[in-house]
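The values are calculated or read from the model by the stated rules, or taken from the named source; none is laboratory data. Computed from a predicted structure; not experimentally measured. Note that each Cβ is placed from the backbone with ideal geometry, even for glycine, and that neighbours are counted across all protein chains shown. To get the accessible areas, we keep the full protein, side chains included, count just its heavy atoms, and leave off ligands, DNA and RNA. Shrake-Rupley method; radii C 1.70, N 1.55, O 1.52, S 1.80 Å.
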Amino acid sequence: MNRIDVAQIYKDASALLEGHFLLSSGNHSKYYLQSAKVLENPKNATILASALADMIKVNNIKVDAVCSPALGGILAGYELARELGVRFIFVERDQGSMVLRRGFEISRGENIIICEDIVTTGGSAMEAYNVVTELGAKVVAFAALANRGFCKRAGSDLSLKPSCKLAQGVPFFALEDFVFDIFSPDNCPLCVNNDKPIKPGSRSRN
Ligand code: ZN
C-alpha cells in the first residue's frame, strides 16, 4: 500500500482550517477539518478511498455493501464502495432518527461497512450501525478518512477515550489521526482580547 500524506492533502485543499472555531459540541478549537472541501476534488476522493480500501482488503474483510450516514459520509462511502467493487447505500435522518429510505434494501446476513468522512465520537456511525443490524445485517468494520482521536483505529498507538461510541469488537479503519486541543468556552485561550469563535462552514471568513 502506498503511504499517503492525508494531512497534506487536507492542507492543500484548504480543508484543515486554522483559526478559532465553535464546534457543534459548544467547545472551541484552533483547528477544524472540512472534509467536503477535500472531496470537492474527485481526484482526492479517489486517492483517499483507494488507500482506505487497501486497508480493508489487506485485512481480508468480506464486504457486500458500504453504508454511510447522510450527509457527511456519503461521498467518502460512495468512493469506498467503488474501490471495493460493492454497492453503496445510505441512511438519513427522518423526524430525528436514522432510517433506510429510497428503496435501499439490506438482506439478512449481509456484511456491511459503515463509512464516515470523519469519526469524532462515532455517534452517527453508530446510528447507521443500529439501522443495518436491526435489519439482520452484520457490520464487519467502521471506516473513515480521518479519526479525531476519540476512537481507536486499527494500527494506531492512540488509545480509546471513554467518549468513543463505536461498538467495540468491530474493527475501525481510518487513514489518519487528527487530534486537536478542545477548549471549553470559559477556559479558551483563543478567546483572549474578546476574539469570537466562528462556526465552521458558515460564510464568514472562510
Ligand atoms: Zn474560544
Rounded percent of accessible protein surface that carbon and sulfur make up, the range 6-194, 1.4 Å probe = 48 percent
List 186, 64, ordered by accessible area with a 1.4 Å probe, largest first | 186, 64
Cysteines without a disulfide-compatible partner [the chain; Cβ-Cβ under 4.7 Å] | 67, 115
When you count, for each residue, the other Cβ atoms within 10 Å and take the mean per peptide, how do 67-77, 147-157, 16-26 rank with the highest first?
-> 67-77, 147-157, 16-26
Which shape class, rounded, prolate or oblate, goes with the chain when its Cα gyration tensor gives a ≥ b ≥ c as root eigenvalues, a/c under 1.5 marks rounded, and past that a/b bigger than b/c marks prolate?
-> prolate
Decide, for the range 66-165, between rounded, prolate and oblate: order the square roots of the alpha carbon gyration tensor eigenvalues as a ≥ b ≥ c, take rounded if a/c falls under 1.5, and otherwise choose prolate if a/b is larger than b/c, else oblate.
-> prolate
Ignoring ligands and nucleic acids, what accessible area does residue 79 show with a 1.4 Å probe (Å², nearest 10)?
-> 30 Å²
The chain, helix-only ellipticity at 222 nm - DSSP H runs n ≥ 4, -39,500 (n - 2.57), divided by all residues, nearest 500 = -7500 deg cm²/dmol
Per residue, what accessible area does the range 1-94 have, given a 1.4 Å probe and all protein chains present, in Å²?
-> 50 Å²
With all protein chains present, calculate the accessible area of residue 164 using a 1.4 Å probe and round the result to the nearest 10 Å².
-> 20 Å²
Just the accessible area for residue 62, please: 1.4 Å probe, Å², rounded to the nearest 10?
-> 130 Å²
